[in-house]
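Undergrad: This is the structure I have questions about; it appears just below.
The values are calculated or read from the model by the stated rules, or taken from the named source; none is laboratory data. Only a predicted model underlies this, so the values are computations on that prediction, with no experimental measurement involved. FYI the Cβ positions are ideal-geometry reconstructions off the backbone, even for glycines, and counts take in every protein chain you see. Heads up: the accessible areas ignore ligands, DNA and RNA and are worked out on the full protein's heavy atoms, side chains in. Shrake-Rupley method; radii C 1.70, N 1.55, O 1.52, S 1.80 Å.
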Amino acid sequence: MNRINQKLQEDKKLLSIYFTSGFPKLNDTVSIIQELEKNGVDMIEIGLPFSDPLADGPTIQESSTIAIENGMTTSLLFEQLKDIRKTVQIPLIIMGYFNPMMQFGIEKFCQKCAEVGIDGLIIPDLPLFVYETEYKSIFEKYRLKNIFLISPQTSEERIQEIDAISDSFIYMVSSAAVTGSQSGFGSEQMDYFKRIADFNLKNPQIVGFGIKDEETFQQATQYQKGAIIGSAFINFLKHNPISDISKFVNKIK
């Protein structure tokens with residue numbers, strides 16, 4: 001069974017952490033992953049830096065810019081991760097935009113993911129129809145879960161389509177804003193979380209965008225399986241050494 005599916009079966013709320021590979025320093029990627037797992041994080045999203053990250057706010061945009069300036073590339077990421085499964089057991093997901101993957105070659109990219117032990121991909125700008133008609137068979141060949149995003153504006157029909165084609169979890173964007181722009185969840189967002197939970201989808205949902213501390217983690221997981229923290233962790237890495245990651249995680253869980 002895929003590591004993501006195994007993790008989703010655990011009887012607890014899941015904490016997933018996003019960070020940008022190659023940030024703050026080029027060779028920090030593996031150390032950050034190892035430290036996150038050591039401190040009880042359930043899943044990790046490894047950001048593939050891109051020059052035009054449409055869904056990301058200033059914090060993650062800046063981390064992408066710095067990572068690229070540091071020399072981060074798709075090939076280098078796979079090189080950094082080549083031995084990751086010797087030390088890390090939790091699910092690892094690459095989150096990135098479709099353009100760098102196309103430039104690398106989709107099948108080659110998926111093959112490299114399988115070789116280093118990546119469990120799934122989150123590609124915000126890969127349309128459902130294009131995935132289904134052109135790439136689904138490749139993802140399945142390399143046993144990669146493709147994780148789709150929904151938002152408060154996504155229609156129920158569309159959500160049901162995404163649920164039908166998905167086989168792990170659905171990334172539930174908390175609002176229409178970009179990453180890092182939230183300051184807690186209001187009644188409108190809590191109503192949205194409950195509305196989606198009431199659909200009784202076959203795939204659990206994990207909430208992203210706006211989770212930064214214990215309070216927002218608890219809010220986001222009241223109805224959903226887990227939550228993803230990105231911008232708040234990137235900000236932490238800007239000002240703290242990797243060895244202090246335990247301080248960040250312990251404030252959430």
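Undergrad: How would you classify the chain from its alpha-carbon gyration tensor, with a ≥ b ≥ c the square roots of the eigenvalues: rounded for a/c under 1.5, else prolate if a/b is greater than b/c, otherwise oblate?
TA: The shape class here is rounded.
Undergrad: On to the next question. Taking the Cβ of N2 as the center, what net charge do the other residues with Cβ under 10 Å away carry, scoring Lys and Arg +1 and Asp and Glu -1?
TA: +2
Undergrad: What net charge is computed for the residues neighbouring G117, neighbours being all others with C-beta under 12 Å from the C-beta of G117, Lys and Arg scored +1, Asp and Glu -1?
TA: Around G117, the charge tally is +3.
Undergrad: Could you pull out the pairs from K12/K251; K12/K212; K108/K202; K38/K251 whose alpha carbons sit more than 27 Å apart here?
TA: Pairs exceeding the cut-off: K108/K202.
Undergrad: Taking the alpha-carbon distance from K82 and a cut-off under 19 Å, which aspartates and glutamates remain once sequence neighbours fewer than 8 residues away in the same chain are dropped?
TA: Those aspartates and glutamates meeting the cut-off are D28, E35, E37, E45, E107, E115, D119.
Undergrad: Mean residue ellipticity at 222 nm from the helices of the chain, using -39,500 (n - 2.57) per DSSP H segment of n ≥ 4 over the full residue count, to the nearest 500 deg cm²/dmol?
TA: Computed ellipticity for the chain at 222 nm equals -11500 deg cm²/dmol.
Undergrad: For K225, what residues show an amide H to amide H distance below 5 Å, using hydrogens built from the backbone and excluding near sequence neighbours?
TA: Under 5 Å from the amide H of K225: Q205.
Undergrad: Now for a different question. What shape does segment 118-246 take by its C-alpha gyration tensor, where a ≥ b ≥ c are the square roots of the eigenvalues and a/c under 1.5 counts as rounded, a/b above b/c as prolate, and the rest as oblate?
TA: oblate
Undergrad: Using the heavy atoms of the protein chains alone and a 1.4 angstrom probe, what is the accessible area of the chain per residue in square angstrom?
TA: 44 Å²
Undergrad: Next question, about the same structure. For the chain, what does the relative contact order come out to in percent, with C-alpha contacts under 8 Å and a separation of six or more?
TA: Here the relative contact order equals 23 percent.
Undergrad: Among residues other than K13 whose Cβ falls under 13 Å from its Cβ, what is the net charge (Lys/Arg +1, Asp/Glu -1)?
TA: That sum, taken over residues with Cβ under 13 Å, equals 0.
Undergrad: Which whole-number percentage describes the relative contact order of segment 98-228, with Cα contacts under 8 Å and a sequence gap of 6 or more?
TA: Relative contact order of segment 98-228: 19 percent.
Undergrad: Using a simple charge model, +1 on the beta-carbon of Lys and Arg, -1 on the beta-carbon of Asp and Glu, nothing else, what dipole does the chain show about its Cα centre, in debye to the nearest 20?
TA: In debye, rounded to 20, the chain gives about 660.
Undergrad: Within the chain, what whole-number % of the accessible surface is contributed by carbon and sulfur, with the 1.4 Å probe and all protein chains included in the calculation?
TA: Carbon with sulfur: 46 percent of the solvent-accessible area.
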